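Before any comments, here is the structure.
The values are calculated or read from the model by the stated rules, or taken from the named source; none is laboratory data. On a predicted model such as this, the values are computed, not experimentally measured, just so you know. A quick note on method: Cβ atoms are made from the backbone with ideal geometry, for glycine too, and the neighbour counts reach across all protein chains shown. Keep in mind that these areas ignore ligands, DNA and RNA; they rest on the heavy atoms of the full protein, side chains included. Shrake-Rupley method; radii C 1.70, N 1.55, O 1.52, S 1.80 Å.
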Amino acid sequence: MDVRLRAGLLRVPGLLCLVHALARIGAEQEVENLSGLSTSPGKDILVVRDNGTTCLMAEFAAKLMVPYDVSASNYVDLITEEAEIPLSRGAEVRGKCGTTESELQISWLDKVYTLKLYFVKEGHNTTKRQEAVWKMNKIQFVYDSSERTYFKDAVNPGKHTANSHHLSALLTPAGKSYECQAQQTISLITSDHQRTVTLLLSEVRIQPFDIRADFVFSEEHKCPVDEREQLEETLPLILGLILGLMIVITVCIYHIHHKLTANQVQLPRDRSQYKHMG
């Protein structure tokens, strides 16, 4: 075999590795943090774009409740405190879009805190047919309890990771966005299974797949809590309208009946008066 040909073949695996690495780099799309446009101070607006087109949009307010140990007043026992960590509006954002899998990664305070949200699109069996849906199937939160902004006098501080367990949240028909104004609670378990971190989400509007217009959500799919609250708000109005309509109908029937009976000959109740009739 020619020496130059052999050398070229030996370089092929290296070229393939380089192409694969570039493909992995190119898989991560452009991300924009538009939280400054939000009218709510605690609400973030995050957008992932691919080739100049929006492929993932997320708006929500979030905070994490993280338990940690501190020394008791006797300096012997330990007591549990809870750090309330809000999602920073100036967070660094990374994201990836795919046909069936997408993710959003948010880091703040020099990457001391990192929240990762994972989404998947799949088939979902209904009573009639199988329809495509998407959901949030995994959440991961990485934090360092040696950071003193939220962890005051933590005992044995260090890095921790908390993950969701068999998560199937925000279930939404494909092609629609998920919307929920009510607060939602999601539990995350730390790697040592000794702590439960609580993620609180509110004012949520998310769409990780099938966005048809740049920076524009598709038709919303409301969460059951919002639908129930909306029904509770409108039900008294509906009942009031029905009651008012029934009163109007009753009054109309009474007037019609009164008019009809007024035109009829009234028979005297005293039978002795019958002789004067005729």
- Which of the residues belonging to segment 93-114 are touching a residue at least 24 places away in the same chain (Cβ under 8 Å), open to solvent by 40 Å² or more (accessible area, probe 1.4 Å) and part of a strand (DSSP E or B)? R94, K96
- Query: Can you name every residue in segment 155-178 that is surrounded by 16 or more Cβ atoms within 10 Å (Cβ to Cβ) and among the hydrophobic types (A, V, I, L, M, F, W, C)?
  - Reply: A162, L167, A169, L170
- Message: Take the residues in segment 206-225 that are outside any loop (DSSP other than H, G, I, E, B) and either open to solvent by less than 20 Å² (accessible area, probe 1.4 Å) or of a type in the set (F, W, Y) (or both); name whichever of them is nearest to R49 (Cα to Cα).
- Response: Q207
- Hey, can you tell me all the residues within segment 30-65 that are buried (at least 19 other Cβ atoms within 10 Å of the Cβ), within 17 Å of the chain's Cα centre (by Cα) and of a type in the set (S, T, N, Q)? S35
- Query: From the residues in segment 101-131 that are at pLDDT 95 or above and among the polar types (S, T, N, Q), which one is nearest to K159 (Cα to Cα)?
  - Reply: T114
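Do we have any residue at all in segment 66-73 that's open to solvent by 70 Å² or more (accessible area, probe 1.4 Å) and assigned to a strand (DSSP E or B)?
The initial filter retains those residues of segment 66-73 that are open to solvent by 70 Å² or more (accessible area, probe 1.4 Å), namely 73.
From what's left, assigned to a strand (DSSP E or B): none.
No, segment 66-73 contains no residue that is open to solvent by 70 Å² or more (accessible area, probe 1.4 Å) and assigned to a strand (DSSP E or B).
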- Item | Tabulated pairs, segment 75-91, first within 13 Å of T196 (Cα to Cα) and without any contact (Cβ under 8 Å) to a residue 24 or more places away in the chain, second charged (D, E, K, R) and surrounded by 15 or more Cβ atoms within 10 Å (Cβ to Cβ), C-beta under 8 angstrom, 6+ apart or interchain | T80/D69
- Message: Exactly one of these conditions fails for A27: (1) touching a strand residue (DSSP E or B) at 6+ places or on another chain (Cβ under 7 Å); (2) open to solvent by 70 Å² or more (accessible area, probe 1.4 Å); (3) at pLDDT below 85. Give me its number.
- Response: (2)
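Please determine, by comparing only the residues of segment 174-200 that are part of a strand (DSSP E or B) and in contact with a Cys (Cβ under 8 Å, 6 or more places away or on another chain), which one is nearest to W134 (Cα to Cα). Show your work before the answer.
Taking segment 174-200 as the starting set, the residues that turn out to be part of a strand (DSSP E or B) are 177-180, 184-190, 196-200.
Subset that is in contact with a Cys (Cβ under 8 Å, 6 or more places away or on another chain): 178-180, 184.
Numbers: Y178: 10, E179: 13, C180: 15, Q184: 18 Å.
Per the criteria, the residue is Y178.
Just the residues that are assigned to a strand (DSSP E or B), closer than 30 Å to S73 by Cα and open to solvent by less than 40 Å² (accessible area, probe 1.4 Å), please, taken from segment 120-154.
Here is the first cut: in segment 120-154, the residues assigned to a strand (DSSP E or B) are 120-125, 130-144.
Imposing the further condition that a residue be closer than 30 Å to S73 by Cα reduces the set to 142-144.
Of everything in segment 120-154, those that are assigned to a strand (DSSP E or B), closer than 30 Å to S73 by Cα and open to solvent by less than 40 Å² (accessible area, probe 1.4 Å) turn out to be Y143, D144.
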- Task: Would you mind stating whether E203 is under 24 Å from I85 (Cα atoms), open to solvent by 40 Å² or more (accessible area, probe 1.4 Å) and within 14 Å of the chain's Cα centre (by Cα)?
- Result: yes
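Taking segment 148-186 only, how many residues are of a type in the set (D, E, K, R) and under 9 Å from the mean Cα position of the chain (by Cα)?
1
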- Note on the structure: Scanning segment 87-132 for residues that are among the acidic types (D, E) and in contact with a Gly (Cβ under 9 Å, 6 or more places away or on another chain) gives E103, E131
- Name the pairs whose Cβ atoms lie under 6 Å apart, with the first residue in segment 130-141 and at positive phi and of a type in the set (F, W, Y), the second open to solvent by less than 30 Å² (accessible area, probe 1.4 Å) and outside any strand (DSSP E or B), and 6 or more positions between them or separate chains? none
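Being at positive phi and open to solvent by less than 50 Å² (accessible area, probe 1.4 Å) is the requirement here; does L117 meet it?
On the way: at positive phi: no; open to solvent by less than 50 Å² (accessible area, probe 1.4 Å): yes.
Taking the combined requirement at face value, the residue does not satisfy it.
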